[in-house]
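Below is one structure, written out as structure tokens; the observations come after it.
The values are calculated or read from the model by the stated rules, or taken from the named source; none is laboratory data. Model, not experiment: these values are computed from the prediction. Cβ atoms come from the backbone with ideal geometry, glycine included; neighbour counts cover every protein chain shown. Protein only, heavy atoms only, side chains kept; ligands, DNA and RNA dropped before computing areas. Shrake-Rupley method; radii C 1.70, N 1.55, O 1.52, S 1.80 Å.
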Amino acid sequence: ILSVGIVVMILGEFFVRYHLQKLAKRLNRILDGMTQVMDGDLDVRIPVDKNGDELDVISRCFNEMCVNLDDHIKKRYLAEIEQKNAEMSALQSQINPHFLFNTLNLIVHTIQSGETRTAARLVKSTADLLRSSLAITQLQIPLKQELKLLKLYLIIFQERYQGRISIELSIQETLPSLLIPPFIIQPLIENSLKHGLKDTLQGSRICISIKDYEEYALLTVTDNGDGANPDLLFQILRGNISGIGIRNIYERLHRLYPQKDVMEIWTTPGKGTSVRIKLYKENPHEYSDC
């Protein structure tokens, strides 16, 4: 009897240990799945055994939770993308009329000056520019495409000011495929004309440079004018003063590169104004054009 009792105790302990090890293995599997979800992996699924116990119920509910959570996040993410696309499209639709308005103003001033041949060249250049700009439907375009638009604009610009303002370009050739929002350079030129060079056109200079850095390309537009009023620039960026150019650029860049430093404006009375924009190479929010 004692021998049989000892054998039964040994077998009982063996089966208890085996059952506990099996439970521990299943619990560790559940804990590992939870850890993966905490790390952001919602594709994890816990195998459901056919024991019909509480751990199977937990595993099944966990898998259903991952599926529902993944669906919810995807729907929320797509909704945010659609909202961001709508906001960017609205900002883009603002800059296009603004771009056309300023270009037509150049033509009007030229006609009023009696320079009919120059006006005719401006009309042709404007038509070429509009044809190229209206073909843009993307929220971001390659830098080389933006530079083509800039060159078309500068043809019109040089015709209007007849050498009184010189434009200097310094673009590194290593960035042709960098994606940027369209029409961000031309409004900066107009900003220099409006706030920095309006009283001293003769001998004025606007320098445009794009330098390649590790994380971003630095776009700088500098003029040698009288300098802008810092309070005025602050009010423009806050949206308290009507105007599309600088504020529009800031809003579009801020939506593309949230929580990043996108723009700096330095102005010195009597020396000029410099606007510096960081165009990040890795965009954390790649918005589709759908």
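Just wondering, is there one or more residues in segment 74-81 that are among the aromatic types (Phe, Trp, Tyr) and modelled with pLDDT under 75?
yes
Going through segment 115-131 one residue at a time, which ones are of a type in the set (Asp, Glu) and closer than 15 Å to residue 151 by Cβ?
Correct list: 128 only.
When you scan segment 217-225, do you find a residue that is modelled with pLDDT under 85, open to solvent by less than 80 Å² (accessible area, probe 1.4 Å), more than 23 Å from the chain's Cα centre (by Cα) and not charged (D, E, K, R), even just one?
So far as segment 217-225 goes, yes, one or more of its residues are modelled with pLDDT under 85, open to solvent by less than 80 Å² (accessible area, probe 1.4 Å), more than 23 Å from the chain's Cα centre (by Cα) and not charged (D, E, K, R).
Scanning for something under 30 Å from residue 139 (Cβ atoms) and either among the basic types (Lys, Arg) or at pLDDT 80 or above (or both), does segment 42-51 turn up at least one residue?
yes
Being modelled with pLDDT of 80 or more and under 26 Å from residue 281 (Cα atoms) is the filter here; which residues of segment 191-210 pass it?
If the condition is that a residue be modelled with pLDDT of 80 or more and under 26 Å from residue 281 (Cα atoms), then 206, 207, 208, 209, 210 are the ones that fit.
Under 8 Å between Cβ atoms, at least 6 apart or on separate chains: pull out the pairs that start in segment 43-55 with a residue that is in contact (Cβ under 8 Å) with a residue 24 or more places away in the chain and end on any residue that is assigned to a loop (DSSP other than H, G, I, E, B).
As it stands, the answer is 55/49, since those pairs meet every condition given.
Do we find a residue being open to solvent by less than 70 Å² (accessible area, probe 1.4 Å) and part of a loop (DSSP other than H, G, I, E, B) anywhere in segment 141-162?
No, because not a single residue in segment 141-162 is open to solvent by less than 70 Å² (accessible area, probe 1.4 Å) and part of a loop (DSSP other than H, G, I, E, B).
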